[in-house]
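S.K.: Here it is, the structure in full.
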There are 2 protein chains.
Amino acid sequence: MPQLKAILFDIDDTLFSTTEFAHKARRNAVRAMLQAGLDLPEAVVERELEEVLAEFSSNYEHHFDKLLMRLRPPSLARVNPALIVAAGVAAYHDTKFRELVPFDDVLPLLGALRKAGLRLGVITHGWTVKQAEKLVRLGLVPFLEPSAVFISDQIGISKPNPKLWTLALADMPLLPQEAMYVGDSPEHDIAPPRTLGMITVWAARAAKHGLDGTAIQPDHTVHDFRELAAILRERYGVRLDPF
Amino acid sequence: MPQLKAILFDIDDTLFSTTEFAHKARRNAVRAMLQAGLDLPEAVVERELEEVLAEFSSNYEHHFDKLLMRLRPPSLARVNPALIVAAGVAAYHDTKFRELVPFDDVLPLLGALRKAGLRLGVITHGWTVKQAEKLVRLGLVPFLEPSAVFISDQIGISKPNPKLWTLALADMPLLPQEAMYVGDSPEHDIAPPRTLGMITVWAARAAKHGLDGTAIQPDHTVHDFRELAAILRERYGVRLDPF
C-alpha cells in the first residue's frame, strides 16, 4: 500500500458544527432585530428568515432586507427599517466573532498530523470569501498548506463533481492512494473521491444524511477525531502523538 | 425666538472619529494580510489600499480582492489569495467590533438632551446599512427617535442638497428654527441647513476642512460637546444636567 502523504478536509459540519453555528447566528440576529423595534413574535420572524435563507443565496445583508419586506411589520411606520437590518447584521457578525470555533478535537488532531509530517489541506464547496473566512476564524490556517485550500467557487467546479478532487490531486501533486479525504456528506464528500481511488473517511457526528439507502461505502466511518487518529495509527502507520 | 425642539446630528467625524477608526481598521487589515502570507512591505500595501479606497466605492471585500490584483505579490504562487483576503476582512470586522466608539462626550450629551425633553435624530450621507450599523455599534440608537434617522442613500437625496434637510423637517414635522443641525463639514453640513433657516453648529474637532476661504458661517462653532452643552443652556434655555 502506498504511504499516506496528505489528508484533505471538508469544512462545514466536518471541522465545526455549521448547523449549530448557523442556528445561534440566526437566533442572535432575530433577537437583535426584535430589540431594535421589530414588533412580531420571535418564532414568526425565525421561521420567515429560514424561508428567506432557503430561497435566496448567501448575502445575509440582503437576507435581512428581504425578511422585512416579507414581514411588513407594523413597526416600520415608526422605525427606520435600516436600524432593524443593521441590528441583525451586527449581531450576526458578532456571533461569528465569538462563536465560530472548531470541534474540540480538531486543533489537537491537526497539530499531531503536522508533527507526524502529513500534508494538510481543504476541499470545500461555497462562496470564496465565506469559506476562507471560516478557516481564518476557526484558527485552522496555520495548520494547512497555504496553497492546498481548494474552494469550488474559486475553481469553477462544484461538489460532487469528482474533477474538483482530481484538480487538487494534480496541483499538490499526489496519487489518489496517497491522499485521504474527510467529510460529512456521503453524496458530496465520499462518493466522488472514492471513484478516484482516494481514501475516504465519513465524519458522521454532524452529518445531515446517513449512508442507508445509498450504495456509498466510505473506507472508514468516524464519530470523532480520536477515532480517526486511532485508524491512522493502526491502519496507516502514522506516528501520531496522543491528544 | 421659537423654542428649540430637536437636534439632528451628522455621524461621521461628528459623533466618532471616522478618520481615526478607518486608519485603525485599514492598518489591522493590512497587518492581518501580511501575517496570512502577503509578502510585501506594510507601507507599500497600505498606500495601495488607500488608492483602491479612493478609486472604488464602499464594498471592502472587493477592495481587498482588488488590492491583491494590483499588487500581484510573489506569495500568490504559494498561498490561496482567498486566505489573504479573508484575513483582511476578518480583521476589518473585528476592528469594528472592538473599536467603533463615540467621542467620550457623545453619550453623556445625548442622555442629558433626552432628559431635557429634546427630540434627537440623525441626517447622514452614505450607504444605508453601513450608516445604520455605525449607529447600532456606537450604541446611539436608544437615544434617537427611531423614525428620525435620515440616510441619503435610502431617501435618494444626497448631501449637500438642502432637500435632504427639508424632507427631515417635513417628516418630523418641525419648523427650521425649531431644529439644530450639528456636523463637521462646512460645505456638506452647515451651508445647506443654514439656507433653510435651521440653527447650525460646526463640530470642528475632527473636521477635515475649515471655514477659511468659504463664505460659510455657522451659528455656532464647538470643539467638543461640553461647549455645545454650554451654548444650549445659555443661548437656548435648555435645562441640561451637567456631565
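S.K.: Say we look at the stretch A:54-66 and pick out the residues that are touching a residue at least 12 places away in the same chain (Cβ under 8 Å), under 23 Å from A:K134 (Cβ atoms) and part of a helix (DSSP H, G or I); which of these is nearest to the other protein chains (Cβ to nearest Cβ)?
M.R.: A:E61
S.K.: Next question. Please work out which residue is surrounded by the most Cβ atoms within 10 Å (Cβ to Cβ), limiting yourself to the stretch A:110-151 and to residues that are under 24 Å from A:H93 (Cα atoms) and among the hydroxyl-bearing types (S, T, Y).
M.R.: Looking at residues that are under 24 Å from A:H93 (Cα atoms) and among the hydroxyl-bearing types (S, T, Y), I get A:T124.
S.K.: From (1) surrounded by fewer than 18 Cβ atoms within 10 Å (Cβ to Cβ); (2) more than 8 Å from every other protein chain (Cβ to nearest Cβ); (3) part of a helix (DSSP H, G or I), pick out the condition that doesn't hold for A:L107.
M.R.: (1)
S.K.: Considering only residues that are part of a loop (DSSP other than H, G, I, E, B) and among the charged types (D, E, K, R), look in the stretch A:210-227 and name the one that is nearest to A:D10 (Cα to Cα).
M.R.: Residue satisfying both the conditions and the ranking: A:D224.
S.K.: Could you please give the count of residues in the stretch A:81-98 that are facing another protein chain (nearest Cβ under 7 Å), within 11 Å of A:R26 (Cα to Cα) and at pLDDT 90 or above?
M.R.: 1
S.K.: Return yes or no: is A:V122 out of contact with any strand residue (DSSP E or B) (no Cβ under 7 Å at 6 or more places or on another chain) and either within 28 Å of A:R98 (Cβ to Cβ) or aromatic (F, W, Y) (or both)?
M.R.: Working: out of contact with any strand residue (DSSP E or B) (no Cβ under 7 Å at 6 or more places or on another chain): no; either within 28 Å of A:R98 (Cβ to Cβ) or aromatic (F, W, Y) (or both): yes.
No: the conditions fail for A:V122.
S.K.: Further, regarding this structure: Determine which member of the set B:K5, B:K24 is in contact (Cβ under 8 Å) with a residue 40 or more places away in the chain and within 16 Å of the chain's Cα centre (by Cα). It would help to see each step written out before you state the result.
M.R.: Numbers: B:K5 fails: within 16 Å of the chain's Cα centre (by Cα).
Of the residues listed, the single one that is in contact (Cβ under 8 Å) with a residue 40 or more places away in the chain and within 16 Å of the chain's Cα centre (by Cα) is B:K24.
S.K.: While we're here: Of the conditions (1) without any contact (Cβ under 8 Å) to a residue 60 or more places away in the chain; (2) in contact with a Gly (Cβ under 6 Å, 6 or more places away or on another chain); (3) of a type outside the set (D, E, K, R), A:P73 satisfies every one except a single condition; which number is it?
M.R.: (2)
S.K.: Check whether at least one residue in the stretch B:72-80 is within 22 Å of A:D153 (Cα to Cα), within 14 Å of chain A (Cβ to nearest Cβ) and basic (K, R), and report yes or no.
M.R.: Checked against the condition, which is being within 22 Å of A:D153 (Cα to Cα), within 14 Å of chain A (Cβ to nearest Cβ) and basic (K, R), the stretch B:72-80 yields at least one hit.
S.K.: Let me ask something additional. Give me a count of the residues in the stretch B:110-133 that are more than 8 Å from chain A (Cβ to nearest Cβ) and assigned to a helix (DSSP H, G or I).
M.R.: Total satisfying the criteria: 7.
The values are calculated or read from the model by the stated rules, or taken from the named source; none is laboratory data. Note that this is a predicted model, so its numbers are computed, not measured. Positions of Cβ are backbone-derived with ideal geometry, glycine not excepted, and every protein chain shown enters the neighbour counts.
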